[in-house]
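*Asks:* This is the structure I want to talk about, given as structure tokens.
The values are calculated or read from the model by the stated rules, or taken from the named source; none is laboratory data. Quantities reported herein were computed from a predicted structural model and do not represent experimental measurements. In this analysis, Cβ positions are derived from the backbone assuming ideal geometry, glycine residues included, and neighbour counts consider all displayed protein chains. Just the protein is used for accessible areas: all its heavy atoms, side chains included, with ligands, DNA and RNA removed. Shrake-Rupley method; radii C 1.70, N 1.55, O 1.52, S 1.80 Å.
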Amino acid sequence: MPTPILMPALSPTMEEGTLAKWYVKKGDTVNAGDVIAEIETDKATMEVEAVDEGTIGRILVDEGTEGVAVNKPIAILLDEGEDESALEGYAPSGTTAPKKQPPQEAPAQQPKREASGKEKPAADAGARAPSAPETAKGERIFASPLARRIAAQQGIDLAAIAGSGPRGRVVKADLEGAPKAAPKKVAAGAAAPAQMPGIDPRAFYEQGTYEEVPLDGMRKTIARRLTQSMQEIPHFYLTIDCELDELLVARKKLNEEAGDGVKLSVNDFLVRAAALALIKVPDANVSFAGNALLKHKSADIGIAVALDGGLITPIIRNAEKKGLAEISEEAKSLAARARDKKLKPSEYEGGSFSISNLGMFGIKHFTAVINPPQAAILAVGKGEERPVVRNGKLEIANVMTVTMSCDHRAIDGALGARFLEAFKAYVEYPARMLM
């Protein structure tokens, strides 16, 4: 019996992805473990392996298709001894397969509404291609996920578009040159368009005075998760200055002695200092879980990496057990693979704490948004020479300002202050990291 190949869930939070590339074609024989496709999510590009052996009987989703839902059939695998005739009457979704239609049949008509407001069923509505999107609530308009998103962003009425896809489905090409709805003013207290939280800025600018750039998957995920973070997590902030003179001296000496291949950064010291501080103040190494706190047994430190169009936070696991050289090597490897979108979900999901360092951009002070399910993140500013008072005398020291964003449901002010006190002690006297 034919077996559907489903869109895999590459991470617990994945809902859809882009089928970037097929490595097989119709008629190819595959074995379990063979790489058959490449899937792009908002954060990574990953290869998909076959879980069964057989012959590719049909490709259901073309290369480059965006918005493919998890568990949606993307191809059909024929068992040994089966040929294409086995696909007669087979529907990968488990429903009755559509009947074959003569090639000259006109596209299905869009459904109409009766006076009561109920929809009249469209002719042969069940005969959609397997890759067609699920029926939307409200008017039943057959359109690809990409076409739906573009139409929503540009104010295009899909009901007025004659689709050129299978069974009259509207695809991206059909939207070129389609009339766009004029932006509407948002009245005070009125609900904004569904695709825009809050006030829709389109209402304040004339058409033609701006270029609208659709959000890619990464930016959509960032927008959703950080909005959720600020809405659901009660943030509060603690700021402290750390002197860097001892750390800079230690870094210089270690780099001179390490030889080729090892070059420690200030951030490597900060990752180890944060990890050791979490172990010293374990009550700060937590996640809020509704009716409980999860106290983590290891310090898994996320390091924010800027990407084109967004950022990602790969995680150095068990950082408290790793030396500076190992942290440095792992951080460089994670950052490189993050920029190439080659990280595995296990390398950027979870974690117990994060560090976001903008000091290299000259930023002196900033606050960061907590990355759920973590309960804290440290925003690191630029290290610079500043006047300090020591023993009643004015002196010059290299000083760095750090600000800790805390989830007040899990970390109180005094607890956050204890963590920063421990962190500062490790930074200002790095030899403590060896104890």
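*Asks:* Residues with amide H under 5 Å of Leu358's amide H, sequence separation 5 or more or different chain, H placed in the peptide plane at 1.01 Å from N; which?
*Replies:* The list, which skips near neighbours in sequence, is Val380.
*Asks:* A further question follows. Taking H as built 1.01 Å from N, whose amide H comes closer than 5 Å to the amide H of Ser11, not counting residues under 5 places away?
*Replies:* Those lying under 5 Å, H to H, from Ser11: there are none.
*Asks:* Protein chains only, probe 1.4 Å: how do Ile315, Ile199, Ile5 rank by accessible area, largest first?
*Replies:* The ranking, largest first, comes out as Ile199, Ile5, Ile315.
*Asks:* A further question on this structure: Shape verdict for the range 308-435, please, from the Cα gyration tensor: rounded (a/c under 1.5), prolate (a/b greater than b/c) or oblate.
*Replies:* Prolate.
*Asks:* Ignoring ligands, DNA and RNA, how do Leu324, Leu434 rank by accessible area with a 1.4 Å probe, largest first?
*Replies:* Leu434, Leu324
*Asks:* Next up: Taking the Cβ of Lys322 as the center, what net charge do the other residues with Cβ under 13 Å away carry, scoring Lys and Arg +1 and Asp and Glu -1?
*Replies:* Overall, the nearby charge balance is -3.
*Asks:* Continuing with this model, one more query. Spelling out what I want: for every residue of the range 325-339, take phi, set θ = phi - 60°, compute 6.51 cos²θ - 1.76 cosθ + 1.60 (Karplus), and round to whole Hz; glycine and proline get x.
*Replies:* 3J(HN,Hα) across the range 325-339, in whole Hz: 5, 5, 4, 4, 5, 5, 4, 5, 5, 4, 5, 5, 6, 5, 5.
*Asks:* Around Pro282, what is the net charge, scoring Lys/Arg as +1 and Asp/Glu as -1 over all other residues with Cβ under 10 Å from its Cβ?
*Replies:* +2
*Asks:* Antiparallel versus total DSSP beta bridges in the range 310-435: what percent is that, nearest 5?
*Replies:* Of the beta bridges lying entirely in the range 310-435, close to 75 percent run antiparallel.
*Asks:* Rounded, prolate or oblate: which fits the range 222-261, taking a ≥ b ≥ c as square roots of the Cα gyration tensor eigenvalues, rounded meaning a/c under 1.5, else prolate when a/b beats b/c?
*Replies:* oblate
*Asks:* Can you give the charge dipole size of the range 394-435 about its Cα centre, rounded to the nearest 20 debye, using +1 on the beta carbon of Lys and Arg and -1 on the beta carbon of Asp and Glu? Let's see the in-between values first.
*Replies:* Working: 4 positive and 5 negative charges, 25 e Å.
So the dipole magnitude of the range 394-435 works out to roughly 120 debye.
*Asks:* Determine the shape class of the range 198-316: with a ≥ b ≥ c the square roots of the Cα gyration tensor eigenvalues, call it rounded for a/c under 1.5, and otherwise prolate if a/b is greater than b/c, oblate otherwise.
*Replies:* Values: a/c = 2.63, a/b = 1.54, b/c = 1.71.
It comes out oblate by the Cα gyration axes.
*Asks:* Quick one: Cα convex hull volume of the range 374-423, Å³ per residue?
*Replies:* 89 Å³
*Asks:* Now for a different question. Under the Karplus relation 6.51 cos²θ - 1.76 cosθ + 1.60, θ = phi - 60°, what is the ordered set of whole-Hz ³J(HN,Hα) values for the range 369-383, x standing for Gly and Pro?
*Replies:* 8, 4, 9, x, x, 6, 10, 7, 8, 10, 9, 10, x, 6, x
*Asks:* May I pose another question? At a probe size of 1.4 Å, how large is the accessible area of His235, to the nearest 10 Å²?
*Replies:* Around 40 Å² of this residue is reachable by solvent.
*Asks:* Nearest 20 debye, what's the magnitude of the dipole of the range 315-435 about its Cα centre given +1 on Lys and Arg Cβ and -1 on Asp and Glu Cβ? It would help to have the intermediate numbers written out before the result.
*Replies:* Working: 18 positive and 14 negative charges, 33 e Å.
Dipole of the range 315-435, to the nearest 20 debye: 160 debye.
*Asks:* Ignoring ligands, DNA and RNA, how do Lys172, Lys341 rank by accessible area with a 1.4 Å probe, largest first?
*Replies:* Putting Lys172, Lys341 in descending order of accessible area: Lys172, Lys341.
*Asks:* Among the aspartates and glutamates, which have Cα under 16 Å from the Cα of Lys364 when same-chain residues fewer than 8 positions away are ignored?
*Replies:* Partners within reach: Asp241, Glu243, Glu384, Glu385.
*Asks:* Going by amide H atoms built from the backbone, whose H comes under 5 Å of the H on Leu244, apart from near neighbours?
*Replies:* The answer is Asn398, Val399, Met400.
*Asks:* Now for a different question. Among residues other than Arg418 whose Cβ falls under 14 Å from its Cβ, what is the net charge (Lys/Arg +1, Asp/Glu -1)?
*Replies:* Taking every other residue near Arg418 into account, the sum is -1.
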